[in-house]
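**Q** Quick one: the structure is below, and I'll ask about it shortly.
The values are calculated or read from the model by the stated rules, or taken from the named source; none is laboratory data. Because the structure is a prediction, the values reported are computed rather than measured. Here Cβ is always computed from backbone atoms with ideal geometry, including for glycine, and neighbour counts include all displayed protein chains.
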Amino acid sequence: MPTDKPHPIPSDIIDLFSSATGMPAKHWQEILEEASPLFYERLVEAAKTQGMDEWDEMRGFLHDPIEDQPEFAEKIRLAGQMAEVKLKPTLANLQSRRGYAGLYSFTQKRILLEVYGIEWFTPNEMNPHVMFD
């Protein structure tokens, strides 16, 4: 269970996000202040373990740290497959159109919560500084 987040957000935590993603500290300060305790906890863990030191194609891109935990990784993968199956009949021709990635992630998130009771944060949520299709 997440602990309460500090108020105000410590400057070293804000700087950590700026370093991990290359985005301005002010941007992250606003996001962190509005984050729920669980989201704050996941964001901080991601910023400490991911980001600018990752391989070039993903520079500054954060993912929910539970994706790296074996007890969650398989369920996240399965929920992704379930999302693909669920979306296939109605979106068979939309995969190249704008909005599919967000719909896919939202569907995967909903499946994880409803089927497995797992609170997972989508790439869109973890990377508010990135424009997804």
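**Q** I'm checking my understanding of the structure. Among residues of segment 112-129 that are free of Cβ contacts under 8 Å to residues at least 12 places away in the same chain and in a helix (DSSP H, G or I), which one is nearest to the chain's Cα centre (by Cα)? Explain how you work it out, then say what you get.
**A** Here is the first cut: in segment 112-129, the ones free of Cβ contacts under 8 Å to residues at least 12 places away in the same chain are 113-114, 117.
Next, from what is left, pick out any that are in a helix (DSSP H, G or I): 113-114.
Details: Leu113: 15, Glu114: 18 Å.
Here the answer is Leu113.
Table: residues versus (1) at pLDDT below 85; (2) surrounded by 13 or more Cβ atoms within 10 Å (Cβ to Cβ).
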residue: Lys26; (1), (2): no, no
residue: Leu32; (1), (2): no, yes
residue: Gln50; (1), (2): yes, yes
residue: Glu57; (1), (2): yes, no
residue: Pro65; (1), (2): no, yes
residue: Asp68; (1), (2): no, yes
residue: Gln81; (1), (2): no, no
residue: Lys86; (1), (2): no, yes
residue: His129; (1), (2): yes, yes
